[in-house]
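Single-structure report; data block below.
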Amino acid sequence: TTLEGLLLGLGNRVTPTLTTKLNQLGLPGQPRPRGYPIAVWQQAARLLGEGAFPEIPEDEAQFQLGRRLVFGLGETLSGKAAAILSRRLGPRTAALRLPVADYHGCNFGSVKALERSSHEVELRCLDYRFHPAFGRGCYQAAVQVAGGVEVWCEVRADDREAHAVTYRLGWAPV
C-alpha cells in the first residue's frame, strides 16, 4: 500500500512518538478497501513531515516526504515490479504515465500529463489536497527511478482554493 511504502521510505525517522500519533489517526491499522479518508491522509502527511524532518522547513520536509514515498514503494513487492517496468520504459514514457501511477496510488484527485518536449512534461493536478512540495518530491523521484538524470520538478501554478497544482517536470536529454 501507499502507507506501507511511505513508512518503509522513512525508516528509522518514524519514532515511537510519531507512531503513537499515527495510531491516534487510525494509521497504520489494517488497509481499508477504499483507502483512508483525505482528512486522515492530510493529517498524516503533516505529522510525518514535522516528525520525520523537524530540522528543515515545511516545504523541504514535504518534498523529502514525497521522495521517500516513491523510494519506499520501491521496497514493496509491487513497487519493485513497477520500478523494473519504469526503468524499461525510460523517463519520458514513465513521466507521461504518471497519471496512471497516481490514479492507482492515490484515490484523491486526478492528473493530466502534457508532453512539452522529449525531456519535459507538464502535470496538471486537479482536486489536489496535499502540500505542493509533496507532489514535487514524488514526481521527481518517480522519474529518477525510471532512469532520468539531472531530474527537476517545479511548481508552476498553485491554486490552493481550487485544489489545483501544475508542475513542470524535466530531466537531462539523453
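Assorted remarks:
- The GluC sites (Glu not before Pro) found in the range 114-174 that occupy coil by DSSP, while having at most 11 further C-beta atoms within 10 Å, are GLU150, GLU161.
- Between LEU47 and GLU75, full extension at 0.36 nm per residue minus the direct alpha carbon distance yields a gain of 7.8 nm.
- Between THR15 and SER110, the modelled label-to-label distance comes to 4.2 nm, taking each label 7 Å out from Cα in the direction of the beta carbon.
- In order along the range 16-23, phi translates into HN-Hα couplings of x, 5, 5, 4, 4, 5, 5, 4 Hz, rounded to whole numbers, per the Karplus curve 6.51 cos²θ - 1.76 cosθ + 1.60 with θ = phi - 60° and x for Gly and Pro.
- Ratio Rg/Rh [Cα only; Rh per Kirkwood] for the range 35-148: 0.96
- Relative contact order [Cα under 8 Å, 6+ residues apart], the range 43-134, whole percent: 26 percent
- The slack between ASN23 and ARG156, meaning 0.36 nm per residue of separation minus the straight C-alpha distance, is 44.4 nm.
Every number in this text was worked out from the coordinates using simple rules, so none of it is lab data. The structure presented is a predicted model; accordingly, all values stated were derived computationally and were not measured. When we count neighbours, we look across all protein chains shown, and the Cβ atoms used for this are built from the backbone with ideal geometry, even at glycine.
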